[in-house]
Amino acid sequence: MNTFVEKNKKFLKFYYAALRLSGWILLTLGLCGLGIKILIARNLGPTALGVTALSTPTRSLEFILFGLLGLGIAQLIRYFFDYDCELGFILRHRSKFLYVYVILIFIELLIRNIYAIKYLMGSDVKNAQIFFFIIPTTSLILFAAKALILIGIAQFLKRIMPVIEESRTLV
């Protein structure tokens, strides 16, 4: 492990910086999108928020969570190449962050499907019944894939981090 880190130290430092930058950008965009959603809901009402959620890419919750995930991976990379570095907050609570991520994307899935179905029920779209099946099914498939990947990463980190910590003490 140490030879790999020493050989690829420049590469790891570059990815650490890139992940930190992109994580903070995603986190900032997500918080700005959340602020915009709050302003829309406050000024135009919740129905405007539902239409906005369907038609614009302001998926602020996903941006926030993905930004946090990027920052956590950046902490892991830094932990590999910087022997004086301690575990960061996100990395110390890695499993909790990932499980909360899964729960929050499930809640977002429910909210988006409810708004989509409400929108379709009020529209004059012919054969709208087929959309009542397609929208939840495709969203559920995407959610299941995300959830399984995130839970797998949480379980992997839960088992591998003690090994990494022990190997650092042997150096």
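Odds and ends about this structure:
- Summed side-chain charge close to Arg20 - residues other than Arg20 whose Cβ falls under 14 Å, Lys, Arg +1, Asp, Glu -1: +1
- Annotation: extensible slack from Lys9 through Ala41 equals 6.8 nm (criterion: 0.36 nm per residue apart, minus Cα-Cα distance).
- Annotation: the residues Tyr83, Tyr101, Tyr115, sorted from fewest to most other C-beta atoms within 10 Å of their own C-beta, follow the order Tyr83, Tyr115, Tyr101.
- Using a Förster distance of 30 Å, the FRET efficiency for Ser22-Ile103 (Cβ separation, nearest 0.05): 0.80
- Length gained when the stretch Phe156-Tyr83 is fully extended (0.36 nm per residue, less Cα-Cα span): 24.1 nm
- Seen from Leu150, the other residues with C-beta closer than 13 Å to its C-beta sum to a net charge of +3, counting Lys and Arg as +1 and Asp and Glu as -1.
- Of the peptides 27-35, 67-75, the ranking by mean beta-carbon count within 10 Å, highest at the top, reads 67-75, 27-35.
Readers should treat all values here as calculations from the given coordinates under stated rules, not as data from a laboratory. Because the structure is predicted, anything quoted here is derived from the model rather than measured. Here the Cβ is made from the backbone with ideal geometry for all residues, glycine too, and neighbour counts use every protein chain on show.
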